[in-house]
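This report refers to the structure that appears directly beneath it.
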Amino acid sequence: MTTAPERALPRVTDLLPHRYPMLLVDRVLELVPGEFVRAVKAVTHNEPWYRGISPDSPLDYPPALLIESWGQTAGLLASALAEAPVGQVMLFGSVADAEFHLPVRPGELIEHRVRVSRALTDTVIFEGSSHRGDETVMTVTRMVMAFRPAEQLRPAGVPADLPTDTPDREATR
């Protein structure tokens, strides 16, 4: 008897444009397009936000970065749901009712669990939580992401073939 080959999990960098130091998801554990994703983030002392911190300062992971990491996990699911057409950019829209239950510290492995609550043509609504082992560290009632055409997001007067984050941009105005 032969079994169907197990579908390979995507690499995080195959689905997200983020890179170090703002790539805040390390690995996909499980992904069912259109339904849910489980991914992990290992929090370490080597992250830039811990640089220069005094020894007696609290080492709690910044809540905004925990939300960003969870949102990147949602972005993995949005990209797998329907890969953004060429020229489309994935945008974070909003987050509602994010609740932080426990602090996260260096040395901890955080598992993000994200479910699609609703998917529209160009917008996806997510819900879910983050966990440290059996403990829930954060819950998110709703996060909205949307895909928009890149040319609509480009500043006026910037040629389509020129990246918007280069110093040369000023020379084209």
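The values are calculated or read from the model by the stated rules, or taken from the named source; none is laboratory data. Note that this is a predicted model, so its numbers are computed, not measured. Neighbour counts run over all protein chains shown; Cβ positions are idealised from the backbone, glycine included. To get the accessible areas, we keep the full protein, side chains included, count just its heavy atoms, and leave off ligands, DNA and RNA. Shrake-Rupley method; radii C 1.70, N 1.55, O 1.52, S 1.80 Å.
Placing a pseudo-label 7 Å from each Cα along the Cα-to-Cβ vector at R154 and Y50 gives an inter-label distance of 4.1 nm. Between L120 and A42, the distance separating the two model label sites (each 7 Å from Cα on the Cα→Cβ line) works out to 4.0 nm. Taking 1.567 mPa s as the viscosity and 4 °C as the temperature, the Stokes-Einstein diffusion coefficient of the stretch 15-111 based on its alpha-carbon Kirkwood radius rounds to 88 µm²/s. Other residues lying with their Cβ under 14 Å from the Cβ of V95 contribute a combined charge of -3, Lys and Arg counting +1, Asp and Glu -1. In the context of the full protein assembly, H45 retains an accessible surface of approximately 120 Å², using a probe radius of 1.4 Å and ignoring ligands and nucleic acids. Extension gain for A96 to R11 (0.36 nm times residue separation, less C-alpha to C-alpha distance): 27.8 nm. Summing +1 for each Lys or Arg and -1 for each Asp or Glu, what net charge is found among the other residues whose Cβ lies under 13 Å from the Cβ of R115? Net charge around R115: +1.
Surface composition of the stretch 65-124: carbon plus sulfur atoms contribute 51% of the solvent-accessible area (1.4 Å probe, protein chains only, all chains present).
A 1.4 Å probe run over the stretch 2-135, with the rest of the protein chains in place, finds 58 Å² accessible per residue.
Could you work out the local net charge near P106, counting Lys and Arg as +1, Asp and Glu as -1, over the other residues with Cβ closer than 13 Å to its Cβ? Around P106, the charge tally is +1.
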